[in-house]
1. May I ask for the percentage of alpha-carbon pairs in the range 499-587 that lie more than 15 Å from each other?
2. By counting other Cβ atoms within 10 Å of each Cβ, how are 146, 123, 73 ranked from fewest to most?
3. Send over the semi-axes of the range 140-213's equivalent ellipsoid, whole angstrom and largest first, taken as the square roots of 5 times the C-alpha gyration tensor eigenvalues.
4. Order by neighbour count: 495, 390, fewest other Cβ atoms within 10 Å first, most last.
5. One quarter of the convex hull surface, Cα atoms only: what value does that give for the chain in nm²?
6. Using amide H atoms built 1.01 Å from N in the peptide plane, name the residues 5+ places from residue 397, or on other chains, whose amide H lies under 5 Å from its own.
7. Please work out, to two decimal places, the log10 of the ratio I(q)/I(0) at q = 0.17, 0.19, 0.22, 0.30 Å⁻¹ from a Debye calculation in which every Cα of the range 134-182 carries one identical scatterer.
8. With θ set to phi - 60° and the Karplus curve 6.51 cos²θ - 1.76 cosθ + 1.60, what are the ³J(HN,Hα) couplings of the range 210-218 in order, to the nearest whole Hz, using x for Gly and Pro?
Amino acid sequence: GAAATKKAGPITFKAIPPNKLDTLIVPNGYDHAVVMRWGDPVLPGAPGLDVTRQTARRQSQQFGYNADFVGVIPLSRNRALLVVNHEYTNEELMFPGFTTLDAMTVEQVKVAMAAHGMSVVEIERAGRTGRWRAADGGNLPYNRRITALETKFRFTGPAAGSPLLQTAADPQGRTPIGTLNNCAGGVTPWGTVLSGEENFNQYFVGGDAVADDVKPKLARYGISTTARYPSGSRKWERAQERFDLAEHPNEANRFGWIVEIDPLDPQSRPRKHTALGRFKHEGANVIVARNGKVVAYMGDDERFDYLYKFVSDKKFLKGDSGVARRHNLTLLESGTLYVAKINGDGTGQWIKLAHGNKSYVPGMTAVEVLTFTRLAGDKVGATKMDRPEDVEPSKVTGKVYVALTNNTNRGVGTNPGVDPANPRVNNKHGHVLELVESRGDNTADTFAWSLPIICGDPADPSTYFAGYDKTQVSPISCPDNVAFDGAGNLWISTDGNALGANDGLFATPIEGPERGHLRQFLTVPTGAETCGPFITADDRSVFVAVQHPGELSGASLDKPASTWPDGDFAKPGVVVAWRLDGGPIGS
Ligand code: FEO
Ligand code: CA
Ligand code: CA
Ligand code: CA
């Protein structure tokens, strides 16, 4: 019918109201389904979830915990690869009778390690709408689990092989094991997936025992240098000694990178790209600039940390030929890393940090700049932001959108006060920054900026929705991930709604007279945050990850705070939402 062939356009759905329901809500005229949930089989022949019999071997073949990034890579009109990461685990919601991390068996620690990482799952269209489901049948050659337990990665770029990355188990400093705390990410123009290693600090102990000159480099990344066993550490050293920095001080340097996986080549070794720097990487999103170089935009999600971009040395080759693809797979291995300085007059600079083996930061080598990038940002006076989460360029306009999720320390005590791009003290609700690169050139070293959305209850005078009538917009708090539909509308998901209702997904036009007309599209169940989102290229489907449902103080597997999605106990998973008439999402 007409709806099924219509292209994405202006937003027309009726906003759903804020709520606290233990279910997933979509607007009238839409439906949704769970595509994959924790414990679902990924590898052919994998067992289903049985929490009373869970082992690391079973978990290594099953969908992991707490998916955050969601990407969908088409194989054909009706087949695609769902690629997600698994950021972290809620042991109290995974193991019957859980009491403390110390009381877990070593096998249970290994289950948690296997529930981290990434999954690649072949999916198929279910009917004529935008509904998708896990593909059926034993022949699923792309299906893959990448875990923190045992998957080998390869370092690329200027810091690969450096002494800072060498350990007893890997004296070459080129082959780290596993990926940790992967948060947001992006699908590249050549069909791979990038994912950011974020809060890796919580996996390490023994920072008190490292050499004195190493301590500040751990501390700047949130690793305790005073406690043997910092509170909140995940106790993984009980299963693998490498997480004890007293024995293996360089192991922490092997996390905090952007990883790239090629889901179309199931045998390929995933890579960690040192040219993109090391920090609490939220994610990375790539756009092809007008001159053919590729530009990756990246946030460091910590209060008062920085916004970065990487510009490749080489140019993108169009086409799906083996030659073009092999070339494009090397684009993130060499280039220039920049950090943002934002001025009060609506302009900003990208400050060069390193290019190849050349450092632009006094007193630091290029390898040091790339491995201790936060310290480099400190030295050059980069702008301290309110927690830069997902940073994504619009493919329609080339403008870049930064989710600044919140910063309740802004202007509090001895912390930095407000600045033009971070204008609120005790910023509970966050805001969205728009960057417009000079001359529309994503490789430019200057930009203009504005704040189209300052989040919160629209009745709060400090909020702003691009000047749109605030009686017509949905309340929003703690923007985390952003995405675009084919018409260039901006979609925003939230984490930690400080207005008291459940988290959700929102959409707003970002150009023209409707700019700022923000509407809530979806809410997630009790205790969950909304991750993804990902809108398919045909605009028929939006995928979201329902992360940590039931994560409330005092909740456990035996006493769940959420029973989503099956009515028994909470299972984080990935959902697809679609229009009942098969039309474009949102329009
Ligand atoms: Fe994992 Fe920055 O959120
Ligand atoms: Ca996030
Ligand atoms: Ca995104
Ligand atoms: Ca977040």
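Readers should treat all values here as calculations from the given coordinates under stated rules, not as data from a laboratory. For clarity, every value in this text was computed on a predicted model and none was experimentally measured. As a convention, Cβ positions derive from the backbone with ideal geometry for all residues, glycine included, and neighbour counts pool all protein chains shown.
1. More than 15 Å apart: 65 percent of the Cα pairs in the range 499-587.
2. With the fewest neighbours first, 146, 123, 73 line up as 73, 123, 146.
3. Semi-axis lengths for the range 140-213 are 26, 16, 14 Å.
4. So the residues, fewest neighbours to most, are 495, 390.
5. Seen from a random direction, the Cα hull of the chain projects 24.7 nm² on average.
6. none
7. -0.62, -0.70, -0.82, -1.11
8. Per-residue couplings from phi come out as 7, 4, 4, 6, 8, 4, x, 6, 6 Hz.
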